[in-house]
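Please read the structure below before turning to the comments.
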Ligand code: GP9
Ligand code: MN
């Protein structure tokens with residue numbers, strides 16, 4: 001025994017001589033920080049394991065960097081404590097993180113999503129998961145806590161050797177170093193993600209993807225930060241003067257201006273279909289002599305069709321289209337209202353129809369958590385959300401369940417609903433980048449083969465076919481006799497980067513900003529029983545106007561809408577989130593601060609009237625922001 005000790009001492013001295021390191025000091029240092037080292041390793045393994053669970057096929061190996069960085073940041077604050085206390089605190093933190101991971105895993109099993117603060121706040125509203133937690137939880141999940149069991153005796157026996165010398169200096173240095181390394185590493189990783197997908201972090205559209213890229217801890221920190229910052233905006237009180245100004249505007253804006261078709265839909269079902277990336281240029285357009293959307297063209301001829309209808313989405317993309325069409329409120333200033341304002345009260349279309357004894361249901365074939373729909377549908381008054389879990393996922397195209405299968409299964413569900421109902425369907429297959437061309441079937445796009453535009457034409461042709469089947473079935477089974485059917489596109493299909501492809505296809509030369517804006521239209525049709533009221537309406541209108549228009553048709557109260565009733569207004573006002581606007585005669589483009597005369601296409605100088613109009617429209621966007629930031633609809637309703 002003595003021999004061994006001597007030998008060890010000998011080795012120590014040799015190392016000391018050669019590397020100028022005092023081995024005893026080193027051992028002491030490691031021992032002094034063993035809790036931190038262990039914590040780092042344990043949490044790293046757990047968070048990585050979680051990452052593999054949520055994304056086994058596409059596990060992103062570089063995620064270890066932001067994961068380590070986030071743990072370093074967490075741990076840095078604990079370096080300031082004495083080891084005895086620190087061990088206990090880290091032990092508790094380990095339990096907390098493990099419980100978060102377990103909850104996330106269970107939640108993922110149902111929603112294919114990560115828990116957010118807003119989801120927790122609305123936990124009562126969460127469809128599905130709250131009732132079946134027991135069946136979702138697996139014994140395996142508790143492996144995340146297994147280390148806790150082993151750690152207890154180790155901690156109990158562990159002798160703390162707090163090195164009193166230079167303690168303060170050492171702690172401060174260690175704190176700064178760990179924090180700095182963590183922050184630098186983390187910022188680099190988060191920045192890389194925000195460069196790849198600029199709106200992902202603020203809109204949180206696809207939380208699984210985000211978590212896969214930055215790790216679970218970072219995700220929750222960002223989510224909590226987003227939540228707190230909106231709560232702060234929410235909590236500051238608006239001045240009474242400002243509140244009255246908004247009230248006055250709302251009263252004026254919601255006055256009815258006519259009685260054209262008022263109440264013709266009362267008591268009838270409402271079937272509303274939001275179509276992914278359905279942009280207007282494909283309507284009544286051909287390629288190689290074949291119609292791109294023969295079915296929609298046919299239905300447009302039997303419906304009231306709006307050919308100057310714009311999409312107005314911002315950072316919330318699809319969710320913004322849903323939000324505007326159901327609330328007539330502008331999209332959030334940044335991010336997605338579906339995420340940031342899911343705690344608000346709304347006078348949405350479904351809520352209003354419900355008070356007229358309608359049954360309300362939303363249908364979408366993607367995972368329920370995408371765009372926070374699992375929270376936002378109940379908030380907006382949908383009795384039932386048929387998400388991924390309600391469908392038999394028997395055929396995939398693009399992002400998920402094919403439109404063919406989705407619409408077929410939705411049709412069968414629709415038939416079983418208690419009438420009158422409001423059914424809101426959101427399609428999925430024709431989603432950017434339209435590269436699942438095998439799923440789309442054969443549609444000859446000639447010279448556009450293998451281009452983004454060509455692939456889109458294939459995709460939208462496929463969706464058109466499925467919509468045709470669905471609409472024809474509605475007609476055949478006489479559902480259309482007692483229903484109003486609304487169909488519209490959610491947003492652009494061709495991004496600005498591919499503008500040249502679009503112009504080439506449309507045979508446009510000398511395109512300018514106005515040309516681009518004029519292409520940002522989506523089709524919108526309203527079909528009435530017996531093909532009544534068919535014809536084309538050329539009014540400049542947009543997604544903000546759908547709810548007021550439907551409120552007129554279904555005789556619903558109009559109180560808090562910022563759009564207009566297209567059927568009873570001669571205004572061509574359309575305001576975009578960027579401040580760009582049109583009134584049907586002039587188009588103002590905010591990023592160049594230029595005005596165009598729509599008829600001549602020429603640029604025109606700013607007049608006092610135009611300037612006043614521009615300022616007024618900016619105000620209206622701010623009214624909408626105030627309504628969202630201060631949850632004003634809730635206040636107004638109380639009063
Ligand atoms: C996802 C779908 C697509 O469920 O609605 O959203 P998008 O990427 O178009 O905003
Ligand atoms: Mn979309």
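No value in this document is a laboratory result; all are computed from the given coordinates. Model, not experiment: these values are computed from the prediction. Don't worry about glycine lacking a Cβ; one is built from the backbone with ideal geometry, like all the others, and counts go over all protein chains shown.
Key figures
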| read-out | value |
| --- | --- |
| Global geometry of region 321-417, whether rounded, prolate or oblate, following the gyration tensor of its Cα atoms and the 1.5 cut on a/c | oblate |
| Angle between the chain longest axis and helix 608-629 axis [Cα atoms, degrees, rounded to 10] | 50 |
| Separation of alpha-carbon centers, region 231-305 and region 5-61, rounded to whole Å | 60 |
| Per-residue Cβ neighbour rank within 10 angstrom, fewest leading, 322, 465, 196, 532 | 196, 532, 465, 322 |
| Three-way shape call for region 186-303 based on the alpha-carbon gyration tensor, with the a/c threshold at 1.5 | oblate |
| Pairwise centroid distance, computed over Cα atoms, of region 342-380 with region 424-490, Å | 24 |
| Acute angle (nearest 10 degrees) that the helix 83-111 long axis makes with the longest principal axis of the chain, alpha-carbon atoms | 30 |
| As computed over the chain, the Cα convex hull volume per residue (Å³) | 216 |
| CD proxy at 222 nm, helix term only [per DSSP H run n ≥ 4: -39500 (n - 2.57); per residue of the chain; nearest 500] | -15500 deg cm²/dmol |
| For 449, 352, order by how many other beta-carbon atoms lie within 10 Å, fewest first | 449, 352 |
| Full-extension gain in nm, residue 238 to residue 444, via 0.36 nm per residue minus C-alpha separation | 68.4 nm |
| Separation of alpha-carbon centers, region 616-634 and region 154-219, rounded to whole Å | 37 |
| Region 275-554: relative contact order in percent, alpha carbon pairs under 8 Å with at least 6 residues between | 35 |
| Value of relative contact order over the chain, rounded to a whole percent, pairs C-alpha under 8 Å and six or more apart | 18 |
| Label-point separation in nm, residue 7 to residue 631, each point 7 Å along Cα→Cβ | 7.1 |
| On Cα atoms only, tilt of 64-78 relative to the major axis of the chain in degrees | 60 |
| Residue 395 versus residue 499: modelled label distance in nm, points set 7 Å from Cα along the beta carbon direction | 3.8 |
| Overall form of region 464-600 per C-alpha gyration tensor (a/c, 1.5; a/b vs b/c) | oblate |
